[in-house]
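The values are calculated or read from the model by the stated rules, or taken from the named source; none is laboratory data. What you see is a predicted model, and the numbers here were worked out from it, not measured in a lab. Please note: Cβ atoms are built from the backbone with ideal geometry, for glycine as well, and neighbour counts cover all protein chains shown. For accessibility, only protein heavy atoms count, side chains too; no ligands or nucleic acids. Shrake-Rupley method; radii C 1.70, N 1.55, O 1.52, S 1.80 Å.
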Amino acid sequence: MSDRSANYSVAVRECSKELSVKERIMLKDTTDAIRLDEATQVEAVSIVPVMHAVLDVHNEKSENKDYTVYIIVDESGQKYITGSQSFWNSYTGIAKEMEDDESENWGIKVYRKPSKNRPGKDFITCSIE
């Protein structure tokens, strides 16, 4: 029997809030997370985030053995995951500006846009709602 922990590991690099042990375990388990790349294939996805995190993944069975994923948790506890740097840049810009304003509820709309640098390809981004 192989030791899965030697082949696959996830670490929380940063998070928007202090995590309990249970929350840390929940964040690292991405098996039930909605993949934004797949979810945005047909239409935009609306999310009201309550927490976000950066995860460092090591996977011996992956072509790229070490990679970063970004995770957002909404108010219902649903997790959304992506490796898209363009999405993360847009999202963190919005979240940073909104972090000190508790007077207004906000969410994001996640969608695809055609890439100017890679013709025929899309990238994921988001806007505030």
Furthest towards positive pole of dipole, 27, 68, 105, structure part the chain, Cβ charges
68
If you put +1 on each Lys and Arg Cβ and -1 on each Asp and Glu Cβ, how big is the dipole of the chain around its Cα centre, in Debye rounded to 20?
620
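Once the piece of chain linking residue 106 and residue 78 is laid out straight, how much longer is it, given 0.36 nm per residue of separation minus the C-alpha distance between them?
Result for the pair: 8.4 nm of gain on full extension.
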So what is the 222 nm mean residue ellipticity for the chain from helices alone, if each DSSP H run of at least 4 adds -39500 (n - 2.57) and you divide by all residues, rounding to the nearest 500 deg cm²/dmol?
-6000 deg cm²/dmol
In the full protein assembly as shown, how much of residue 118 is accessible to a 1.4 Å probe, in Å² to the nearest 10?
140
Using the alpha carbons of segment 1-80, what is the convex hull volume per residue in cubic angstrom, as a whole number?
118
Just subtract the alpha-carbon distance of residue 25 and residue 41 from 0.36 nm times their residue separation and send over the number in nm, one decimal.
2.9 nm
Spatial separation of Cα centroids for segment 86-129 and segment 16-41, in angstrom:
18
